[in-house]
Amino acid sequence: MNIITLTADGSNTLYNETIGEHYHSKHGALQESKHVFIEAGLKFASAGKNEISVLEVGFGTGLNFILSLEYCISNNIKLNYTSIEAYPLTLDVINQTGYSEYVSEQTWATFIANYEDALKDEQTLLPFCNLEIPYKTLADFDIDKLFDVIYYDAFSVQHQPEMWSDEIIAHACSFLKPGGTFVTYAITGKLKRAVKANGFNIEKLPGALGKREMLRAMKV
Ligand SMILES: C[S@@+](CC[C@H](N)C(=O)[O-])C[C@H]1O[C@@H](n2cnc3c(N)ncnc32)[C@H](O)[C@@H]1O
């Protein structure tokens, strides 16, 4: 059961009772998504490009997706977005997040119209965005293409340690192009070692509200 909860920046998140965790930072869902995934991830990885491929781990409410689409529309970048989700939310729950406030009517409408089909197959949203949400676990995910950027947005290591094992991090990293960018809201010694072991240079960046640091890593 997921319960809509207000975070400190006035945006909502969901509290997942089974896992015992929120989908976003309680210090600000919108702030976290913009800071970690859009500013440190997408903006950095798409600089100078007119097309970008994103692999997200954990589609959840779609907040990272809609903010990415808005960014790409504003910057004339074609967006190819693949987001793995093992436990998709219903359209009803997504409609209750209030996230329509943060994007244009067009972005919200195209997202809502295509969400359920994107769980089955790749969908074209507007002429310059493709969205697919493979309905499976990260461990079961495989694809024969490589991505420019990975948004690693799993539940925390305290609540879902299997999503932060060396093996699963290596599996996720294997889908990134050389020169590609891996970003996540978290940073631990173990995570840094796991990412480095896969041939990445790591950077510690200031974290989203409530977190001192976050990780960005570039594949050599
Ligand atoms: C922190 S939330 C992601 C928040 C999301 N990016 C958003 O903007 O709403 C973690 C997500 O990972 C999903 N998840 C949990 N276990 C998973 C697994 N083994 N493989 C893929 N996704 C998983 C959860 O269902 C949840 O949607």
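The table below lists the values:
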read-out	value
Under the Debye formula (equal points on every Cα, no solvent term), log10 I(q)/I(0) of the range 143-220 at q = 0.26 Å⁻¹	-1.37
Subset of Lys120/Lys211; Lys26/Lys192; Lys136/Lys192; Lys120/Lys190 violating a 31 Å alpha-carbon distance limit	Lys120/Lys211; Lys120/Lys190
With eigenvalues of the C-alpha gyration tensor scaled by 5 and rooted, the range 27-219, Å	24, 18, 17
Order of Phe200, Phe59 under a 10 Å beta carbon neighbour criterion, fewest first	Phe200, Phe59
Stretch gain in nm, segment Lys120-Ile19, where the contour uses 0.36 nm per residue and the Cα spacing is subtracted	33.9 nm
Under 17 Å from the Cα of Lys145 - aspartates and glutamates, other chains or at least 8 residues apart	Glu51, Glu56, Asp121, Glu122, Glu132
Lysines whose Cα lies under 20 Å from that of Lys43, excluding same-chain neighbours fewer than 8 positions away	Lys34, Lys78, Lys177, Lys204, Lys219
Computed label-point distance, nm, for sites Ile3 and Glu39 using a 7 Å Cα→Cβ extension	3.1
Virtual spin-label span in nm between Lys177 and Asp144, 7 Å along Cα→Cβ	1.9
Per-residue Cβ neighbour rank within 10 angstrom, fewest leading, Glu85, Glu105	Glu105, Glu85
Whole-Hz ³J(HN,Hα) from phi, Karplus 6.51 cos²θ - 1.76 cosθ + 1.60, for the range 113-128, glycine and proline x	5, 10, 3, 5, 5, 5, 6, 9, 6, 5, 10, 9, 10, 6, x, 10
Förster-model FRET efficiency, 41 Å R0, Thr90 and Val220, C-beta, rounded to 0.05	0.50
Efficiency of FRET from Cβ geometry, Asn50 and Thr188, R₀ 25 Å, rounded to 0.05	0.10
Distance in nm between pseudo-label sites at Thr137 and Gln158 (7 Å out along the Cβ direction from Cα)	2.3
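FYI, it's all coordinate maths here, none of it is from the lab. Every value quoted in this text rests on a predicted model; they were computed, and no experiment measured them. Because the Cβ atoms are built from the backbone with ideal geometry, glycine has one as well, and the counts that use them run over all protein chains shown.
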